[in-house]
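My questions all concern the structure below.
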Number of protein chains: 4
Amino acid sequence: MAGSTFGTVFRVMTWGESHGKGIGVTIDGCPAGLPLSEEDIQPYLNRRKPGQSRYTTARQESDLVEILSGVFEGKTTGTPIAMMVRNTDQRSRDYGNIMNVYRPGHADFGFDSKYGFRDYRGGGRSSGRETTARVAAGAVACKLLEHFGIKVTAYVKSIGEFGIDPERFDIAERDRNPLNMPDAVCAVEAGEYLARLIEQQDSAGGVVECVADGVPAGIGEPVFDKLDACLAKAIMSIGAVKGFEIGDGFAVAKMRGSENNDPFRIAEDGSVEKTSNHSGGILGGMSDGSQIVLRAAFKPTPSISRQQNTVNRSGENTEIEIHGRHDPVIVPRAVVVVECMTALTIADLLLQNRCAKL
Amino acid sequence: MAGSTFGTVFRVMTWGESHGKGIGVTIDGCPAGLPLSEEDIQPYLNRRKPGQSRYTTARQESDLVEILSGVFEGKTTGTPIAMMVRNTDQRSRDYGNIMNVYRPGHADFGFDSKYGFRDYRGGGRSSGRETTARVAAGAVACKLLEHFGIKVTAYVKSIGEFGIDPERFDIAERDRNPLNMPDAVCAVEAGEYLARLIEQQDSAGGVVECVADGVPAGIGEPVFDKLDACLAKAIMSIGAVKGFEIGDGFAVAKMRGSENNDPFRIAEDGSVEKTSNHSGGILGGMSDGSQIVLRAAFKPTPSISRQQNTVNRSGENTEIEIHGRHDPVIVPRAVVVVECMTALTIADLLLQNRCAKL
Amino acid sequence: MAGSTFGTVFRVMTWGESHGKGIGVTIDGCPAGLPLSEEDIQPYLNRRKPGQSRYTTARQESDLVEILSGVFEGKTTGTPIAMMVRNTDQRSRDYGNIMNVYRPGHADFGFDSKYGFRDYRGGGRSSGRETTARVAAGAVACKLLEHFGIKVTAYVKSIGEFGIDPERFDIAERDRNPLNMPDAVCAVEAGEYLARLIEQQDSAGGVVECVADGVPAGIGEPVFDKLDACLAKAIMSIGAVKGFEIGDGFAVAKMRGSENNDPFRIAEDGSVEKTSNHSGGILGGMSDGSQIVLRAAFKPTPSISRQQNTVNRSGENTEIEIHGRHDPVIVPRAVVVVECMTALTIADLLLQNRCAKL
Amino acid sequence: MAGSTFGTVFRVMTWGESHGKGIGVTIDGCPAGLPLSEEDIQPYLNRRKPGQSRYTTARQESDLVEILSGVFEGKTTGTPIAMMVRNTDQRSRDYGNIMNVYRPGHADFGFDSKYGFRDYRGGGRSSGRETTARVAAGAVACKLLEHFGIKVTAYVKSIGEFGIDPERFDIAERDRNPLNMPDAVCAVEAGEYLARLIEQQDSAGGVVECVADGVPAGIGEPVFDKLDACLAKAIMSIGAVKGFEIGDGFAVAKMRGSENNDPFRIAEDGSVEKTSNHSGGILGGMSDGSQIVLRAAFKPTPSISRQQNTVNRSGENTEIEIHGRHDPVIVPRAVVVVECMTALTIADLLLQNRCAKL
């Protein structure tokens, strides 16, 4: 209920605040026998780490993961896998000025309304730092999916008005530019746009796209726990996401049935395939055997150093300038988070599917 | 796990196939003391009933709901509320020709992949008829929300390229035209478009928008069970939905932080309010006290009578023409389903919130 | 939360009151492909039906089950199986006198405390009639277990001071006497005891024992969802059960480790077996491959026609005589309920176990 | 599913093995605003710590708890409370000889059957050390219950044949003798019995009794999640428990209705009370406002240094002598575990009850 638990079979529970002792997660339900070590997880955490470019916060977190349980002689035991990342670079003094003020675009007012008070240091539980735990768990889900021949890949599709050109799409390029765009030209343009925003003390949003290859047909439960519904929840649970699409997404609203339906045909190897993929790999809530495609729209970072109108806890109008250390765009760092939430969702439904038939 | 259960505190489990004995739902967790009778529920079912205009299937279902338990002397008892709608107009003969063929855009292939076989009569469990149960449960959720001063309202925002004009917005008009659009002019234009599609044996998609008024601040759980995440799952679990937005949705990806942040201010009555609502009433996964706004993109009805390429269960390429009785657009009938799924989600999180504080 | 849901993978939700329209259950999570019809379920319901002997209530309920969904062409489809038994013999007038009085030994006071009021007709939701739904669902679980070579068998072990003699144990005898005791001699003695109690307007309790054969080793989850813990919850959730034992139960508290430990040995077929079964087939919360043995202690029927001291809703001391139609002992009719709850538990954990390993 | 999660609203997930890096637990769902520090938790852990008497294992664990999240300025924030106890005294060499042998009375064979292999160091996940996490979480539940005026108290009722005398009952005495018996005389007798068993390389079982005072009427859900059913699951999930009773427990099977029913009467303050408490404070699965009384039967410690017959992983008969460091009786150390599991259960259902009424 309290909402820090995700999944049913492959179930994770996360904990930790941006300025507490650390961030952690426990996975209750990873099948036994999966080879696993910290080396499998650390690269994912490194991808979301701050301080890696001018477009990300200057905070320095080593973000070293420690596996605390559930792995014995290099393999998962079937019992809970606990992992923890200690917080190291906490500067609580940065946050004193927001203690009694509700930052626009942030969860501050909601926390006070819900709990009566809040941990005001760096957003506490609603900090982007919370995603560290998702990434640690998601890395394990990715390893599990890999065992079943499934690969999840995300990248930045656009920042502001600057979107990648499908003709220049090169996934290898994603890891070469600080914006994690699979299009070097677009990355340069978007970078210039961000530079201008930084000067203007402003921030940008963008779109992350994610694909999953190798998902067999039939994954997802037909009514409420549809694969797309579960993915939507997973992705929308990432702070700052305001929109979600599967396949052609909102474009389908303007299409005709004859355009949007994907014809089936028998492939050379005798399997069933589709000659198009408007569905984004999901029909009736179950995977249809083709590539799963989803997109998430991220809002611009709400922490900007421009002056903004707001109110304080005493019920007075006031202004705020949020200085601290904030990303002018969080979209590039969110790429691995989207991958991980997608992997967690598919892993859970893949395991659930073991009970579908006699 | 099997995915016909929704919600945690206000938990519903649905059952039934389009061509079985009926459709039903049990609500386990409605608080005791709520006045409730079939008269509260039937109007919602009537809104989704087929056969009401030229744009909906000619099937005739009386869709009369029967409350089987959980209500005593006109009030809910706190124990499970079971409800059932008997199926009446089933013509199984209509579906013989699709028994061994996978309809493009449908769940047929997924069902066979998942379970090894399927109830091929009218889509079985993946039929739109399944939403009857959601609406019956959702009507109870709406009654509960009403008790707390919360009202959920949905309407058709667009069909194909035809979108409502905000200047002509009139919610009363929604119930006067068969397309459930709150704009009479747009409804006429969209109606002409649909008439052309019917001639062309084709179908249309569209967008439903839904607002919730009166939701207090702080509803929703901060991490995985964010209010927007739960709404996304609820709405994406409706068959044919391919996209979901909260507030400004995908538009935020192109906005700047200074535009997208909603300033807070103290209202005349001393409460906290916002001077804009780009957030769609949700910040950090919790309601912020303003109107909740969401949108769902529906794909065009996949059942079209045009000839389509597909395959059969024997692994052969073939063609299909789906005659039967199908809506050229399902969007108008989906309005009440979106309302109901929204109400179910808010009701559940509203009750969960009772445990947030000492 | 509201507590009418049982199980995780093989999940059931029940509904219905003793004097409402009927009793029902939905199973969300029965694997597809299991042959199933009403003929599989009705015999279980017949075993718990009232009116079959002088020791059971004279109420006449035909208790005919109707499968409403989830079965197609004689097999389960993997989607929810809804079942319903209509109530037929309801005499609400019998209960008018208890409307404002709390019956000793009953849930009346708890219901009022919890919900503010209650359905006072025949106990409403806390009536023994609620177990009809458990039995319908349990019959499906038994069918599923049968597919996996597992058989669950319960019987009356004792009534009052009269316990069966292990030397006379004959399971076939269980179905020949109205007390469902696998010992004809004991059944006669216990029957005479009950006849005396009926004369004295009093009632008796007893013990039901249940065994499960064919459960493979490793079923049950090691920490909180131990097989014995889940069985305990299942059995203690039957009204009137006040004690639960696995294997030697309370006797182990007086044993020494050297007596209580069951030695392992290699069987002729090379499998691992135990040379004794003090553990009752469960070690460390997981099945150990031997026969699972459990016992439940039932209290005497609280509804007795003797005068008892109690209070009413107005806060006054008063007396009550409960006439109506009540079993002087419910233990024989509870046998099939214990079997069914045991089967539901094992079925659920058996399916869960599919996710234990890669 | 994987069974290391307990509770619905007050939900805990535990992790850790006896010979891993530590033991931990996360509580997702503790209401905000509860004063909490490590000083509230440590005394509970100290009560279960080994090495405190000749009757407990000589292992030395400091068992210092660290709160990692969820507490800010001395109060719970409503977000997850993570806690950890580092393992310090691990001697893996002690366990090499049991690597390939199944210890009688232990979970070894079950683990191998379930997962294909196991962490053989000290029982891994099925070690009694796992209860450290339960106690840490339970201490928080106790603090929460205290806020609502509820107190849970457990003690050793018997060891072997030596049971406490109700006439000598003195709860203060419980903390003065190493057997945690509220009867000094009985503690001496039981101690002598244990001394003889130690000489004989044998072990003893016993019974723990637990009472909860101050639980208001109406807690517990009427059907499957009855208060007694949930308590049964909680207590039976403690390793070594083989029997569970509420109130008069198994004795009710021999009682008559007229003896077993507890009459209600109006107390001087106008409240409803009972003149006896055979029910153990629970009727129809809900608390009835009187003292809750439960008992758990613990089997003798299975690790004994006598030679025992068993088998190894290669399918051969063999013998085993388990030397290591083991408690000749675990019952005294289990007292606080029973208290904590009882508190966790009541806390969860108490919170759930907030949603019972409008």
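The values are calculated or read from the model by the stated rules, or taken from the named source; none is laboratory data. Everything quoted here is computed from the prediction, not taken from an experiment. Here Cβ is always computed from backbone atoms with ideal geometry, including for glycine, and neighbour counts include all displayed protein chains. Each accessible area value is taken on the protein alone, full model and side chains, heavy atoms only, with ligands, DNA and RNA left out. Shrake-Rupley method; radii C 1.70, N 1.55, O 1.52, S 1.80 Å.
Could you please let me know if B:Ile235 is assigned to a helix (DSSP H, G or I) and open to solvent by less than 10 Å² (accessible area, probe 1.4 Å)? Reasoning before the result, please.
Numbers: assigned to a helix (DSSP H, G or I): yes; open to solvent by less than 10 Å² (accessible area, probe 1.4 Å): yes.
Yes; evaluated as a whole, the condition is true for this residue.
Among the residues of region B:262-278, write down those that are at the interface with chain A (Cβ under 7 Å from one of its Cβ atoms), open to solvent by 10 Å² or more (accessible area, probe 1.4 Å) and under 14 Å from A:Ala107 (Cα atoms). Full working, then the answer.
Here is the first cut: in region B:262-278, the residues at the interface with chain A (Cβ under 7 Å from one of its Cβ atoms) are B:262-266, B:270, B:272.
Those left that are additionally open to solvent by 10 Å² or more (accessible area, probe 1.4 Å): B:263, B:265-266, B:270, B:272.
B:Pro263, B:Val272 - these are the residues of region B:262-278 that are at the interface with chain A (Cβ under 7 Å from one of its Cβ atoms), open to solvent by 10 Å² or more (accessible area, probe 1.4 Å) and under 14 Å from A:Ala107 (Cα atoms).
Name the residue, out of C:Leu294, C:Leu358, C:Leu283, that is of a type in the set (A, V, I, L, M, F, W, C), over 15 Å from the mean Cα position of the chain (by Cα) and within 30 Å of D:Gln308 (Cβ to Cβ). Full working, then the answer.
Values: C:Leu294 fails: over 15 Å from the mean Cα position of the chain (by Cα); C:Leu358 fails: within 30 Å of D:Gln308 (Cβ to Cβ).
When all the criteria are applied, what remains is C:Leu283.
Quick one: B:Glu316 ticks every box in (1) free of Cβ contacts under 8 Å to residues at least 40 places away in the same chain; (2) facing another protein chain (nearest Cβ under 10 Å); (3) within 28 Å of A:Val241 (Cα to Cα); (4) of a type outside the set (A, V, I, L, M, F, W, C) bar one, so which box is it?
Only one criterion is unmet by B:Glu316, namely (3).
Looking only at region C:207-220, how many residues end up being within 7 Å of chain D (Cβ to nearest Cβ) and open to solvent by less than 10 Å² (accessible area, probe 1.4 Å)?
Going through region C:207-220 one residue at a time, the tally reaches 1.
Also, I was wondering about something else. So if I check each of A:Thr5, A:Thr14, which one is open to solvent by less than 10 Å² (accessible area, probe 1.4 Å), facing another protein chain (nearest Cβ under 7 Å) and in contact with a strand residue (DSSP E or B) (Cβ under 9 Å, 6 or more places away or on another chain)? Give the derivation first.
Values: A:Thr5 fails: open to solvent by less than 10 Å² (accessible area, probe 1.4 Å).
From the options A:Thr5, A:Thr14, the qualifying one is A:Thr14.
Quick one: in region C:178-192, which of the residues that are open to solvent by 20 Å² or more (accessible area, probe 1.4 Å) and not aliphatic (A, V, I, L, M) is nearest to C:Ala154 (Cα to Cα)? Spell out how you get there, then give the answer.
So the first thing to find is which residues in region C:178-192 are open to solvent by 20 Å² or more (accessible area, probe 1.4 Å), and the list is C:178, C:180, C:184-185, C:188-189, C:192.
So of that shortlist, the ones also not aliphatic (A, V, I, L, M) come out as C:178, C:180, C:189, C:192.
Numbers: C:Pro178: 14, C:Asn180: 9, C:Glu189: 20, C:Glu192: 23 Å.
Out of the qualifying residues, it is C:Asn180.
Could you please give the count of residues in region B:167-215 that are of a type in the set (D, E, K, R), closer than 30 Å to A:Asn261 by Cα and part of a loop (DSSP other than H, G, I, E, B)?
Filtering region B:167-215 for residues of a type in the set (D, E, K, R) gives B:167-168, B:170, B:173-176, B:183, B:189, B:192, B:196, B:199, B:202, B:209, B:213.
Remaining after also requiring closer than 30 Å to A:Asn261 by Cα: B:174, B:183, B:189, B:192, B:196, B:199, B:202, B:209.
Narrowing further to those that are part of a loop (DSSP other than H, G, I, E, B): B:183, B:202.
Within region B:167-215, residues that are of a type in the set (D, E, K, R), closer than 30 Å to A:Asn261 by Cα and part of a loop (DSSP other than H, G, I, E, B) number 2.
Is there a residue being touching a residue at least 24 places away in the same chain (Cβ under 8 Å), more than 7 Å from every other protein chain (Cβ to nearest Cβ) and closer than 30 Å to B:Val135 by Cβ anywhere in region B:245-253?
Of region B:245-253, the ones touching a residue at least 24 places away in the same chain (Cβ under 8 Å) are B:245-249, B:252.
Still in the running and more than 7 Å from every other protein chain (Cβ to nearest Cβ): none.
Looking for residues that are touching a residue at least 24 places away in the same chain (Cβ under 8 Å), more than 7 Å from every other protein chain (Cβ to nearest Cβ) and closer than 30 Å to B:Val135 by Cβ, one finds none in region B:245-253, hence no.
Continuing with the same structure: How about region C:27-37: which of its residues are within 19 Å of A:Gln352 (Cα to Cα) and either at the interface with chain B (Cβ under 7 Å from one of its Cβ atoms) or surrounded by fewer than 24 Cβ atoms within 10 Å (Cβ to Cβ) (or both)? Write out each step before concluding.
First, the residues of region C:27-37 that are within 19 Å of A:Gln352 (Cα to Cα): C:27-34.
Across region C:27-37, the qualifying residues are C:Asp28, C:Gly29, C:Pro31, C:Ala32, C:Gly33, C:Leu34.
How many residues are more than 10 Å from B:Ala217 (Cα to Cα) and at the interface with chain A (Cβ under 8 Å from one of its Cβ atoms) if we restrict to region B:280-294?
Within region B:280-294, the first condition is being more than 10 Å from B:Ala217 (Cα to Cα), and the residues that meet it are B:280, B:284-285, B:291-294.
Remaining after also requiring at the interface with chain A (Cβ under 8 Å from one of its Cβ atoms): B:280, B:284-285.
Matching residues across region B:280-294 total 3.
Testing A:Val338 on (1) over 30 Å from C:Leu145 (Cβ atoms); (2) open to solvent by 30 Å² or more (accessible area, probe 1.4 Å); (3) in contact with a Cys (Cβ under 7 Å, 6 or more places away or on another chain), one condition comes back false. Which one is that?
Evaluating A:Val338 over (1) over 30 Å from C:Leu145 (Cβ atoms); (2) open to solvent by 30 Å² or more (accessible area, probe 1.4 Å); (3) in contact with a Cys (Cβ under 7 Å, 6 or more places away or on another chain) leaves (2) as the failure.
Of the numbered conditions (1) facing chain A (nearest Cβ under 9 Å); (2) open to solvent by 10 Å² or more (accessible area, probe 1.4 Å); (3) under 18 Å from the mean Cα position of the chain (by Cα), B:Val331 fails exactly one; give the number of that condition.
So the condition that B:Val331 fails would be (2).
Hey, another quick one. Please work out which residue is most open to solvent (accessible area, probe 1.4 Å), limiting yourself to region D:154-166 and to residues that are over 20 Å from D:Lys49 (Cβ atoms) and outside any helix (DSSP H, G or I). Break it down into steps so the answer makes sense when it comes.
Taking region D:154-166 first, the residues over 20 Å from D:Lys49 (Cβ atoms) are D:157-158, D:160-166.
Add one more test, that the residue is outside any helix (DSSP H, G or I), and what stays is D:157-158, D:160-165.
Working: D:Lys157: 66, D:Ser158: 19, D:Gly160: 1, D:Glu161: 130, D:Phe162: 55, D:Gly163: 38, D:Ile164: 25, D:Asp165: 48 Å².
Ranking the qualifying residues of region D:154-166, first place goes to D:Glu161.
Tell me the residue from A:Lys254, A:Lys357 that is open to solvent by 10 Å² or more (accessible area, probe 1.4 Å) and closer than 30 Å to C:Ala141 by Cβ, please. I'd like the intermediate steps shown before the answer.
Working: A:Lys254 fails: closer than 30 Å to C:Ala141 by Cβ.
Of the residues listed, the single one that is open to solvent by 10 Å² or more (accessible area, probe 1.4 Å) and closer than 30 Å to C:Ala141 by Cβ is A:Lys357.
Residues are listed down the side, and each one gets a yes or a no for (1) closer than 15 Å to B:Glu245 by Cβ; (2) touching a Phe, Trp or Tyr at 6+ places or on another chain (Cβ under 9 Å):
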| residue | (1), (2) |
| --- | --- |
| A:Glu199 | no, no |
| A:Asp202 | no, no |
| A:Ala212 | no, no |
| A:Pro216 | no, yes |
| A:Val223 | no, yes |
| A:Leu227 | no, no |
| A:Ile235 | yes, yes |
| A:Phe244 | yes, yes |
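Of everything in region D:302-313, what is at the interface with chain C (Cβ under 7 Å from one of its Cβ atoms) and open to solvent by 10 Å² or more (accessible area, probe 1.4 Å)? Give them in sequence order.
Here is the first cut: in region D:302-313, the residues at the interface with chain C (Cβ under 7 Å from one of its Cβ atoms) are D:302, D:304, D:306, D:308-311.
Of everything in region D:302-313, those that are at the interface with chain C (Cβ under 7 Å from one of its Cβ atoms) and open to solvent by 10 Å² or more (accessible area, probe 1.4 Å) turn out to be D:Pro302, D:Arg306, D:Gln308, D:Asn309.
Go through region D:286-301 residue by residue and tally those that are touching a strand residue (DSSP E or B) at 6+ places or on another chain (Cβ under 6 Å) and open to solvent by 10 Å² or more (accessible area, probe 1.4 Å). It would help to see each step written out before you state the result.
Start the filter on region D:286-301 by keeping residues that are touching a strand residue (DSSP E or B) at 6+ places or on another chain (Cβ under 6 Å), which leaves D:290-300.
Filter once more, keeping what is open to solvent by 10 Å² or more (accessible area, probe 1.4 Å): D:290-291, D:293, D:295, D:299.
The number of residues fulfilling the criteria is 5.
Any residue that is over 19 Å from the mean Cα position of the chain (by Cα) and over 15 Å from D:Val293 (Cβ atoms) - is there at least one of those in region D:237-253?
Just the residues of region D:237-253 that are over 19 Å from the mean Cα position of the chain (by Cα), to begin with: D:248, D:250-253.
Now narrow it down to the ones that are over 15 Å from D:Val293 (Cβ atoms): D:253.
Yes.
Here's something else I'd like to know. Which ones in region B:95-153 are within 12 Å of chain A (Cβ to nearest Cβ), of a type in the set (Gly, Ala, Ser) and either buried (at least 24 other Cβ atoms within 10 Å of the Cβ) or in contact with a Leu (Cβ under 7 Å, 6 or more places away or on another chain) (or both)?
Selection gives B:Gly105, B:Ala107, B:Gly110, B:Gly123, B:Gly124, B:Ser126, B:Ala133, B:Ala137.
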